[in-house]
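Q: There's a structure below that I have some questions on.
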Amino acid sequence: MAEDERFPGVDLRVGRSRIGVGVEIGRGSVIVADELVLGDGARVGAGCDLRSAHIELAAAAQVGDCGHLLVADRLRVGAGSRLDSGASVVCRSLDIGSGSYIGQRWQVGAGATMEERSTVAVGGNCQIAPDVVFNATEPIVIGNGVGISPHVAVFTHGYHSGHAVRDGHTAAFAGVVVRDGVWLGFRATLLPGVEVGEGTVVAATATVTRSLPPGVLAAGVPATVRRTLAPQPLDDTGRRRAVGALVESWLHRLVFKGLGVRRTGPGWEVSAGSGGSWRVQSAGPAGPCEVTVASDRGQAVFVFEEPLVVRGELDVLGHDLRDFCRRATWTFPYSTNSTGVVPERFARLLG
């Protein structure tokens, strides 16, 4: 075991390495690579097994506990992206863009994925729920800003030895492409060779057997186009109304989490006992459409105009708001993934 004094209890079998500041590698992890690049603040959880010719975790990228990734050529996780716990990956190359989240127990494999064309590319700012399966015998390409619900399965090959080609049956081997802004609903299935067009929504439990055009809602088995999507962007008044409702809902959720919330003039005071206090100011009827979260340690301003942006540094309450916004489809870019405050009634059981 080649133990680095910076990472006790970790087996590092690497050739060249570049390791930034603030990097964490959990005990019991094994990392095998010809070249290892860990950006500032990158984190590998406990009990992981990462093996690839080239491993690169960009700044603040994370691999959760017990991740097992066997990637022959290149394994790259972009800045601020997070693979949650229990990932199981076998493929030739894996490239994940910046700001994406991949939920627990992601499986890349489920077939002959130690092959020449077994490549997976996931774009930036994607949200992939737990228990998703990619069968990547052929290339799988996921665009930017894609949402994938739990238990979605993407297949790039399909056959059964009892249905032989010599008997007139067919075997499918073809890659899958999911374009930018697609939403794949719960337990949707994509079969070999399909492409899902930009902005399309695939309804829950649908099976996509043929390619779908951009900007439609598809449903059924096999999936067919049910209607064209024609959303109308909110005007300034509608946007302010939506942001106001969002903030009210978030503050109500903070009360459930055990924080104190009190109206003070045009804003609110939020308190967490010994954990600190904050001032929250929402957008008024005039001026920029913004929400400010401020404390004695600094402030962060959420700008709800295009493009969405956060000014300043997020603390625990700022991260909670950003996470709440994400779940309400307001996705603010930031250097790391955000998680919400654990409700007190759960936190006391986990302490």
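Quick note: the coordinates plus some simple rules give every number you see, no bench work behind them. Every value quoted in this text rests on a predicted model; they were computed, and no experiment measured them. Note that each Cβ is placed from the backbone with ideal geometry, even for glycine, and that neighbours are counted across all protein chains shown.
Q: May I ask what percent, to the nearest 5, of DSSP beta bridges between residues of segment 11-228 are antiparallel?
A: Rounded to the nearest five, the antiparallel share is 10 percent.
Q: If you don't mind, there's one more thing I want to ask. By the scheme Lys and Arg +1, Asp and Glu -1, what is the net charge of all other residues having a beta-carbon under 12 Å from that of Val243?
A: Summing Lys and Arg as +1 and Asp and Glu as -1 gives -1.
Q: Which of rounded, prolate or oblate describes segment 236-350 when judged by the alpha-carbon gyration tensor and an a/c cut-off of 1.5?
A: prolate
Q: Once amide H atoms are built 1.01 Å from N in the peptide plane, which residues 5 or more positions from Ser118, or in another chain, come under 5 Å H to H?
A: Arg92
Q: Rounded if a/c is under 1.5, else prolate if a/b beats b/c, else oblate: with a ≥ b ≥ c from the C-alpha gyration tensor eigenvalues square-rooted, which is segment 51-106?
A: Judged from the Cα gyration tensor, segment 51-106 comes out oblate (a/c at least 1.5, b/c at or above a/b).
Q: Please list, in order along segment 126-141, the HN-Hα scalar couplings obtained from phi with the Karplus expression 6.51 cos²θ - 1.76 cosθ + 1.60 (θ = phi - 60°), rounded to whole Hz, x for Gly and Pro.
A: 8, 10, 10, 6, x, 6, 9, 10, 10, 8, 10, 5, 10, x, 10, 10
Q: Grab the beta carbon distance between Glu269 and Asp235, set R0 = 35 Å, and tell me the FRET efficiency rounded to 0.05.
A: Efficiency for this residue pair is about 0.65.
Q: Below 8 Å between Cα atoms, with a sequence gap of 6+, how large is the relative contact order for the chain in percent?
A: 7 percent
Q: Dipole size in debye (nearest 20) for segment 236-350 around its Cα centre, Lys and Arg Cβ +1, Asp and Glu Cβ -1?
A: 360 debye
Q: Is the shape of the chain rounded, prolate or oblate, going by the alpha carbon gyration tensor and its root eigenvalues a ≥ b ≥ c, with a/c under 1.5 for rounded and a/b larger than b/c for prolate?
A: Note, shape of the chain comes out oblate.
Q: Return a whole-number percent for the relative contact order of segment 230-351, with Cα pairs under 8 Å and 6 or more residues apart as the contact set.
A: Relative contact order of segment 230-351: 17 percent.
Q: Going by amide H atoms built from the backbone, whose H comes under 5 Å of the H on Thr224, apart from near neighbours?
A: Ala219
Q: HN-Hα J couplings of segment 224-236 from phi, Karplus 6.51/-1.76/1.60, θ = phi - 60°, integer Hz, Gly and Pro as x?
A: 10, 6, 9, 6, 8, 8, 9, x, 10, x, 5, 7, 4
Q: Add -39500 (n - 2.57) for each DSSP H run of 4 or more in the chain, then divide by its residues: what number comes out at 222 nm, to the nearest 500 deg cm²/dmol?
A: Using -39500 (n - 2.57) per qualifying helix, the result is -3500 deg cm²/dmol.
Q: Take the chain, mark every one of the chymotrypsin sites (Phe, Trp or Tyr not before Pro) that falls in a DSSP loop and has at most 15 other Cβ within 10 Å, then report the longest stretch left between them, sites excluded.
A: Within the chain, the longest run free of exposed chymotrypsin sites (Phe, Trp or Tyr not before Pro) spans 187-351.
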